[in-house]
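The values are calculated or read from the model by the stated rules, or taken from the named source; none is laboratory data. This is a predicted model, so every value here is computed, not measured. Note that we place each Cβ from the backbone using ideal geometry, even for glycine, and neighbour counts take in every protein chain shown. Each accessible area value is taken on the protein alone, full model and side chains, heavy atoms only, with ligands, DNA and RNA left out. Shrake-Rupley method; radii C 1.70, N 1.55, O 1.52, S 1.80 Å.
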Amino acid sequence: MYLEKIKKANDIKKIEKEHLYDLAEEIRQFLIQKISVTGGHLGSNLGCVELTMALHLALDLPKDKIVWDVGHQAYTHKLLTGRAYGFDTLRKYGGMSGFPKRKESDCDCFDTGHSSTSISAGLGMVQARDLQKQDFTVVSVIGDGALTGGMAYEAINNASKLETNFIIILNDNNMSISENVGGVSKYLNAIRTTENYLDLKNTVYNKLIGFYHGKSMVEGIRKVKNDVKRLVVPGMYFEDLGVTYMGPVDGHDIQKMTRFIQEAKKVEGPVLIHMLTTKGKGYGPAEKHPARFHGAEPFEIETGLPAHPRTKANYTDIFSTVMIKLAARDERVVAITAAMPDGTGLKRFRNIYPERFFDVGIAEEHAVTFAAGLAAGGLKPVVAVYSSFLQRAYDQIIHDVCIQNLPVIFAIDRAGLVGSDGETHQGIFDLSYLSSIPNMHVMAPKNKWELSDMMKFALQFEGPIAIRYPRGEAWDGMQEFRMPVVYGKSEVLYEEEDICIMAVGSMVKEGASVRKILKDIGYACSLVNARFVKPIDEALIEEFSHSHKLLVTLEENVAKGGFGESVRSYVDSLPGCGMRVVSVALPDMYVEHGSVDLLKEELGLTDGCIARRIVTEYVGGGS
């Protein structure tokens, strides 16, 4: 009833105060209903309904700016800016994004998707505002989990120099994706249990200034007050960084939060408001299992159970099982995750080998250099991380792992197209950026058995090595092909002549389907499982160049800098080679959200699309 009145930004201000909590309940029920069908980030959104409402009550959008850290908690923000109509297509191809998008609304001031960025972006907007002598409020919203990322502190340190207003909202639900870890979590827990203390108001200071020696009195009182606050209020940590601390405040008390934000707008400098929220609030299953409802698949509302439960193991499950077996055989094996023990499959490892498991928080850069230190100390570290998140540690991979040629294993989950999370989460660049690094070695398994074999190979390898595998169900096809993994060597699955398909990892399955299509229409076709993306199997490529007219590479990665480009470069270097190379890969673009199958169809990576292109290239003789 009240949600229907929200057609555009600031309409919430027309809702009577006594009905704001009715609106909050409507929003929760709306989100539960819609996300149960489409899937999406439920727990984080249920937890910050009132917080978002308070922001919209205290601010004037789109003039004022809200920068959401990560952005998966912005569903209520979308509702309050008139986008309820878009939730039926949430995270679907061509539909509404699950993250803030500037192209979607002028109330979305900054595109987000990765953690710990909101304070840096907000600070940039503040400086742009001041340089252009504009007048609006900038608010950066950041979660307690994101405060484990060092970038947030770099931004806070920089913001401490400000002499104009900048508001930081700390959304503290004692959870990130999985349970929060480390000193920051302990520190915030201490603040949560702190009693309110007597605060001397600015009005008192202003009156004292008018008296003789008033200025020195004020400074003396402030010093005493701050010393007392250091003893009883952990929030002085932020004050010592140069940020005014306000709170903690109940993150479900709309009036109190609104008042805090309005007061914070008066501060001439950076101010942090600490708000305590409950992840998954209002929906029992999400409150009880917040990690499971972080990024939920479609579910049954009554039970919270998946609407379409998995019947087969996915690649993450296979990795999880293999890690436990490897650790049982070799006590040097240790595991590192950046706040994602559940998502990367290391939760079981943690339960069995807690002393050999390290969750470093949302800090991928630290995770990689920490792993380098473990390797230098004689251990066998495995860094389990999503492809798109590993990008954040590119410098550390080069500088701290590869220059020293340290035996760090990178288990890269969600490689290739991941679907509904869109541009910021597609793992389509790893083959390119990892292959560019000297001493790095890159592999990709064709099926679940090969993932196991590659992990065993990597454990014995003396140098940096990455194994990338896709999201979703682990392919159990081609079980009969299980040649031992040999350094730098591909696996020939079918050898004929004229056309050769050389596929990487997840694309071997597609390659087998393409070969069948070609065989059915009369073409001879070889199929090779590349296995190694770096180094490529130069000997096999040269051998096949004498019996094949066309070599087609398949990869779920951007073409630029990818496997196909490496193969083409090598073939071009062969004197008198008449074999042409066609690279089937992703275009030089950011891929939006949508189901993986639909995205592959749109981008030409399905078996039918590939087969048609091969026939055209083979018959036409194009390049």
(request) Tally the residues that are open to solvent by less than 50 Å² (accessible area, probe 1.4 Å) and in a helix (DSSP H, G or I), restricting the search to the stretch 532-549. (result) 3
(message) Out of the residues in the stretch 62-92 meeting the condition of being open to solvent by 10 Å² or more (accessible area, probe 1.4 Å) and not in a loop (DSSP other than H, G, I, E, B), tell me which one is nearest to residue 600 (Cα to Cα).
(response) 89
(message) Going residue by residue through the stretch 451-463, is there one that turns out to be part of a loop (DSSP other than H, G, I, E, B), touching a residue at least 60 places away in the same chain (Cβ under 8 Å) and more than 16 Å from residue 318 (Cα to Cα)?
(response) no
(request) Could you grab me the full set of residues in the stretch 417-431 that are out of contact with any Ser or Thr (no Cβ under 8 Å at 6 or more places or on another chain) and not in a loop (DSSP other than H, G, I, E, B)? (result) 431
(request) State whether the residues of the stretch 52-60 include one that is open to solvent by 50 Å² or more (accessible area, probe 1.4 Å) and either part of a loop (DSSP other than H, G, I, E, B) or closer than 25 Å to residue 137 by Cα (or both). (result) yes
(request) Identify all residues within the stretch 1-45 that are under 22 Å from residue 107 (Cβ atoms) and without any contact (Cβ under 8 Å) to a residue 24 or more places away in the chain; write none if there are none. (result) 4, 5, 14, 15
(request) Any chance you could count how many residues in the stretch 93-104 are of a type in the set (Gly, Ala, Ser), crowded, with 20+ Cβ neighbours inside 10 Å and farther than 25 Å from residue 152 by Cβ? (result) 0
(message) Kindly evaluate residue 196 against the criterion of being modelled with pLDDT under 90, open to solvent by 60 Å² or more (accessible area, probe 1.4 Å) and within 24 Å of residue 58 (Cα to Cα).
(response) yes
(message) Only one of 395, 421, 413, 400 is among the acidic types (Asp, Glu) and closer than 22 Å to residue 452 by Cα. Can you tell me which?
(response) 413
(request) Filter the stretch 565-623 for residues that are in contact with a Ser or Thr (Cβ under 6 Å, 6 or more places away or on another chain), outside any loop (DSSP other than H, G, I, E, B) and either open to solvent by less than 40 Å² (accessible area, probe 1.4 Å) or of a type in the set (S, T, N, Q) (or both) and give the result. (result) 567, 583, 600
(message) assigned to a loop (DSSP other than H, G, I, E, B), farther than 21 Å from residue 618 by Cα and among the hydroxyl-bearing types (Ser, Thr, Tyr): which single residue out of 523, 487 fits that description?
(response) 487
(request) Determine, yes or no, whether residue 537 is within 26 Å of residue 476 (Cα to Cα) and more than 37 Å from the chain's Cα centre (by Cα). (result) no
(message) Condition first: among the acidic types (Asp, Glu) and part of a strand (DSSP E or B). Now tell me which residues in the stretch 250-281 satisfy that.
(response) 250
(request) Considering only the stretch 554-564, state which residues are free of Cβ contacts under 8 Å to residues at least 60 places away in the same chain and open to solvent by less than 10 Å² (accessible area, probe 1.4 Å). (result) 554, 564
(request) Within the stretch 6-23, track down each residue that is under 14 Å from residue 78 (Cα atoms) and either of a type outside the set (S, T, N, Q) or touching a Phe, Trp or Tyr at 6+ places or on another chain (Cβ under 8 Å) (or both). (result) 6, 7, 8, 9, 11, 12
(message) When you scan the stretch 557-564, do you find a residue that is of a type outside the set (D, E, K, R), assigned to a helix (DSSP H, G or I) and touching a helix residue (DSSP H, G or I) at 6+ places or on another chain (Cβ under 8 Å), even just one?
(response) yes
(message) Exactly one of these conditions fails for residue 434: (1) touching a Ser or Thr at 6+ places or on another chain (Cβ under 8 Å); (2) of a type in the set (A, V, I, L, M, F, W, C); (3) not in a strand (DSSP E or B). Give me its number.
(response) (1)
(request) Would you be able to say whether some residue in the stretch 504-517 is surrounded by fewer than 18 Cβ atoms within 10 Å (Cβ to Cβ) and not in a helix (DSSP H, G or I)? (result) no
(message) So, in the stretch 449-499, exactly how many residues are under 23 Å from residue 432 (Cα atoms), out of contact with any Lys or Arg (no Cβ under 6 Å at 6 or more places or on another chain) and either polar (S, T, N, Q) or open to solvent by 50 Å² or more (accessible area, probe 1.4 Å) (or both)?
(response) 4
(request) Being assigned to a loop (DSSP other than H, G, I, E, B) and within 21 Å of residue 170 (Cβ to Cβ) is the filter here, so list the residues in the stretch 109-154 that pass it. (result) 109, 110, 112, 113, 114, 115, 116, 117, 137, 144, 145, 149
(message) residue 509 - would you say it is farther than 25 Å from residue 332 by Cβ, of a type in the set (Lys, Arg) and modelled with pLDDT of 95 or more?
(response) yes
(message) From the list 80, 90, exactly one residue is touching a His at 6+ places or on another chain (Cβ under 8 Å) and of a type in the set (A, V, I, L, M, F, W, C). Which is it?
(response) 80
(request) Determine whether residue 403 is touching a helix residue (DSSP H, G or I) at 6+ places or on another chain (Cβ under 7 Å) and not charged (D, E, K, R). (result) no
(request) Only one of these is assigned to a loop (DSSP other than H, G, I, E, B) and not aromatic (Phe, Trp, Tyr): 26, 104, 18. Name it. (result) 104
